[in-house]
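**Q** Just dropping this structure here.
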Amino acid sequence: MNTLLQPFQISHTGLVWNNHFQRLGPDFYTALAPQGMPAPYWVGRSLAVAEMLGLPAGQLQSDALLQALAGNQPISGSQPLASVYSGHQFGHWAGQLGDGRACLLGEVNGLEVQLKGSGLTPYSRMGDGRAVLRSSIREFLCSEAMHALGIPTTRALCVVGSDEEVARESLETAAVVTRVATSFIRFGHFEHFAARNQIAQLKTLADYVIARYYPDCQSASLLAANPYANLLMQVTERTAVMVAHWQAVGFCHGVMNTDNMSMLGLTIDYGPFQFLDAYDPGHICNHTDRGGRYAFDRQPDIAHWNLYALAQALMPLIEDQALALQALDTFKSVFERTWLQLMCAKLGLTGNGAGTDIDHTLLQDLLALLAQDRVDYTLFWRRLSQAVASQQFAPVRDLFLDTAAWDAWLLRYAERLVGENQNQAAALMLKTNPKYVLRNYLGELAIEAAKGKDFSMVANLLTLLERPFDEHPAFETYAGLPPDWASRIEISCSS
Ligand code: AMP
Ligand code: MG
């Protein structure tokens, strides 16, 4: 082991820290301490993530940890740094970006721990290095919600708030999210060095990512005896799987810039995201995205576009355009296969012959119906699951305007279900189609309460979203249709 980097004990939590990223050297980051916030308080905490990190029981109650995660106390053993990356934003090259308000503390239990909103860094550009309470609560809850839905994502340990004022469209208050992931490396980290023609650094980074996260890429049995083409292929596959999950659950990310794309295929950088209410394939959830570049139904193509940007960055290492194109080509087949599998599971179809052209057509026709009547996406799937379990289809029918078209589709579906074990189908559907998702309006209610220092709704939502497939009878209203005002919520890039 590098003697400069012995894992350290953190005195007040008992955590053992390490930091492999830090060993890449100063071309990749700037070492700095997080900036503190006055009088911090807990806003939300995840016991599950605490356990994953091996935080001793009770630490999430401790003032020492609160102060540390607010940036007020150095954490012995951590080696805080802000990494540098670049990227394409809304399809245009944006040049250098970097961790403008995030600070990697190091690794605990093999997981990187990062503070988001922890103050100015050399990459803050025009920003203030802060994150507001509102967006921090959204990121915290959504990270944990996505994980519980089985979708690859960064995680969140907690949100710490402060009354420190932060100026956005109006005055808001600051907060810090403690995020956790196997790695926070983005496509943009590679684009950064490629754009500067720093090929040695590009190779160092690629070799690091391969050695730590994609050891299979060394093997010639993948695409070719070219570890960098293999890396591109594996990132392509993971990204395709991630986006297939988004489309199946009705998640719209909102800012799929290449600096927000994870090299591990994790959903990262929760900003103006939205779980669809009414099903509208062209839905644009980011108020700043006037052209609809990141509309719901464009997400697969945009992910593929982003992978082309990554491929371009990796070309000096891959050195073989045909091979790079072959790696990128896996996107379509992996996406379509995964999407079809996920959607068939939503219909309870898993038996022999699931996922044929017949199922594909059945699904496309259903989605067209949902779109035509702007049916609530989450509610539809949950009611359908309950209907298959109870054989009472009226509550599903109630969601449609064109009931004749629904009846005709249901007939085809019923015929298709004959070949399946109905009990198994219903059971599968009830653990595939969530009862609870983080609808925008639920987030807004929790945020409004939190602004008044009532954090109970953040805690309640976390409890629901950690078990989204369970019935939670006390919270039945959160599983219903959103109120009218929900459609008027405008979420922008401002965070
Ligand atoms: P995002 O749109 O959140 O993915 O951020 C894009 C870039 O802007 C990243 O480099 C962020 O670190 C940076 N950034 C966003 N908000 C701020 C802020 N308030 N202060 C400093 N940098 C920021
Ligand atoms: Mg970002």
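The values are calculated or read from the model by the stated rules, or taken from the named source; none is laboratory data. Just so it is clear, the model here is predicted, and its values are computed rather than measured. Cβ placement follows ideal geometry from the backbone for every residue including glycine, while neighbour counts extend to all protein chains displayed. SASA here: full protein model, heavy atoms, side chains in, ligands and nucleic acids out. Shrake-Rupley method; radii C 1.70, N 1.55, O 1.52, S 1.80 Å.
**Q** Any chance you could list the semi-axes, whole Å, largest first, of the equivalent ellipsoid that the Cα gyration tensor gives for the range 187-341, using √(5λ)?
**A** The three semi-axes for the range 187-341 are 28, 17, 12 Å.
**Q** Give the aspartates and glutamates whose C-alpha is closer than 12 Å to that of LYS431, dropping any in the same chain fewer than 8 places away, or say none.
**A** ASP470, GLU471
**Q** Find the relative contact order for the range 349-430 and round it to a whole percent, using C-alpha pairs within less than 8 Å whose residues are 6+ positions apart.
**A** 41
**Q** Evaluate the charge dipole of the range 349-430 about its Cα centre and quote only its size in Debye, nearest 20, assuming +1 on the Cβ of each Lys and Arg and -1 on the Cβ of each Asp and Glu.
**A** Result for the range 349-430 is approximately 220 debye, rounded to the nearest 20.
**Q** Within the range 131-205, list the GluC sites (Glu not before Pro) lying in a DSSP loop whose Cβ has at most 12 other Cβ atoms in a 10 Å radius. Could the numbers behind the result be given before it?
**A** Working: sites: GLU139, GLU144, GLU164, GLU165, GLU169, GLU172, GLU191; in loops: GLU169.
Loop-located and lightly packed - GLU169.
**Q** Counting only protein heavy atoms and using a 1.4 Å probe, what share of the accessible area of the range 3-181 belongs to carbon plus sulfur, as a whole percent?
**A** Working: 3600 of 6500 Å².
Of the solvent-accessible surface of the range 3-181, carbon and sulfur hold 55 percent.
**Q** Which GluC sites (Glu not before Pro) from the range 417-489 combine a DSSP loop assignment with at most 14 other Cβ atoms within 10 Å?
**A** GLU471
**Q** Leaving out same-chain residues fewer than 8 places away, which lysines sit with a Cα under 24 Å from that of LYS332?
**A** Straight-line reach from LYS332, under 24 Å: LYS346.
**Q** If you roll a 1.4 Å probe over the heavy atoms of the protein chains, what accessible area per residue do you get for the range 287-386, in Å²?
**A** Heavy-atom accessible area per residue stands at 44 Å².
**Q** For the range 3-181, compute Rg over Rh where Rg is the Cα radius of gyration and Rh is the Kirkwood radius from the inverse mean 1/r over Cα pairs. Intermediate values should be presented prior to the final figure.
**A** Details: Rg = 15.8 Å, Rh = 16.6 Å.
So for the range 3-181, dividing Rg by the Kirkwood Rh gives 0.95.
**Q** Hey, any idea what % of the range 352-480's accessible area is carbon plus sulfur with a 1.4 Å probe?
**A** Answer for the range 352-480: carbon and sulfur cover 54 percent of the accessible area.
**Q** Okay, moving on. Considering only GLN364, VAL388, LEU411, whose Cα is most displaced toward the positive end of the charge dipole of the range 349-430, charges sitting on Cβ of Lys, Arg (+1) and Asp, Glu (-1)?
**A** Towards the positive end, the residue furthest out is VAL388.
**Q** Dipole size in debye (nearest 20) for the chain around its Cα centre, Lys and Arg Cβ +1, Asp and Glu Cβ -1?
**A** 560
**Q** Then there is this: Summing Lys, Arg as +1 and Asp, Glu as -1, what charge do residues with Cβ under 10 Å from the Cβ of ALA371 carry, ALA371 excluded?
**A** On the way: positive: ARG374; negative: ASP280, ASP297, ASP373.
Overall, the nearby charge balance is -2.
**Q** Which Cys residues of the chain have no other Cys Cβ less than 4.7 Å away and so no disulfide-compatible partner by this rule?
**A** Cys with no partner Cβ under 4.7 Å: CYS103, CYS142, CYS158, CYS217, CYS344, CYS493.
**Q** Also, quick follow-up: Write down the accessible area per residue of the range 31-77 in Å², having rolled a 1.4 Å probe over the full set of protein chains.
**A** 45
**Q** What percentages, rounded to whole numbers, describe P(r) for the chain computed over all alpha carbon pairs with 10 Å bin width beginning at zero?
**A** With 10 Å bins starting at 0, P(r) equals 4, 19, 28, 26, 16, 6, 1, 0.
**Q** Here is a further query. Between ASP398 and ALA57, what length comes free when the chain is fully extended (0.36 nm per residue of separation minus the Cα-Cα distance, one decimal in nm)? Could the numbers behind the result be given before it?
**A** Numbers: separation 341, 0.36 × 341 = 122.76 nm, distance 4.75 nm.
Answer, rounded to one decimal: 118.0 nm.
**Q** Which is farthest toward the positive dipole end of the range 182-316 among HIS287, ALA240, ALA194, measuring Cα position about the Cα centre, with Cβ charges +1 (Lys, Arg) and -1 (Asp, Glu)?
**A** Of the options given, the answer is ALA194.
**Q** State the extension gain, in nm to one decimal, for the chain segment bounded by GLU471 and ALA322, taking 0.36 nm per residue of separation less the distance between their alpha-carbons.
**A** That works out to 48.6 nm of additional length.
**Q** Excluding residues on the same chain fewer than 8 positions from LYS116, give the lysines whose Cα lies under 20 Å from its Cα.
**A** Straight-line reach from LYS116, under 20 Å: LYS451.
**Q** Can you tell me the accessible area per residue over the range 423-495, all protein chains present, probe 1.4 angstrom, in square angstrom?
**A** Normalised by residue count, the accessible surface of the range 423-495 is 48 Å².
**Q** I would also like to ask the following. Mean Kyte-Doolittle hydropathy of -0.5 or higher plus an axial Cα length of 18 Å or more: which whole DSSP H helices in the chain meet both?
**A** Span-like helices, by this rule, are 133-148, 199-213, 227-249, 299-318, 321-346, 357-372, 377-390, 403-417.
**Q** Tell me the net charge near PHE400. Cut-off is 14 Å between Cβ atoms, PHE400 excluded, with +1 for each Lys or Arg and -1 for each Asp or Glu.
**A** Numbers: positive: ARG374, ARG383, ARG397; negative: ASP365, ASP373, ASP376, ASP398, ASP402, ASP407.
Summing Lys/Arg as +1 and Asp/Glu as -1 gives -3.
**Q** Taking all protein chains in place and a 1.4 Å probe, what share, in percent, of the accessible surface of the range 196-271 do carbon and sulfur account for?
**A** In the range 196-271, the share of accessible area belonging to carbon and sulfur is 50 percent.
**Q** Also, I was wondering about something else. Where in the range 357-391 is the amide nitrogen less than 11 Å from a point lying 7 Å along the Cα-to-Cβ axis of ASP297?
**A** What the label zone holds, given the 11 Å backbone N cut-off, is 367-369, 371-372.
**Q** Then there's this: Find the centroid of the Cα atoms in the range 21-83 and in the range 313-332, then give the distance between the two in whole Å.
**A** Each part reduced to its Cα centre gives a spacing of 38 Å.
**Q** Restricting to DSSP H runs of at least four residues, report the calculated mean residue ellipticity at 222 nm for the chain, -39500 (n - 2.57) per run over all residues, nearest 500 deg cm²/dmol.
**A** My calculation for the chain gives -13000 deg cm²/dmol from helical runs alone.
**Q** Going highest first, how would you order 304-316, 382-394 by mean Cβ packing within 10 Å? Walk me through the intermediate numbers first.
**A** Working: 304-316: 20.3, 382-394: 17.3.
Ranked by mean Cβ neighbours within 10 Å, highest first: 304-316, 382-394.
**Q** Quick check on the chain: of the DSSP beta bridges with both residues there, what percent are antiparallel, nearest 5%?
**A** 95
**Q** Go through the range 253-320 and name the trypsin sites (Lys or Arg not before Pro) that are in a DSSP coil and have 14 or fewer other Cβ atoms within 10 Å of their Cβ.
**A** ARG290
**Q** How high is the relative contact order of the chain? Use alpha-carbon pairs under 8 Å, at least six apart in sequence, and give a whole percent.
**A** 14
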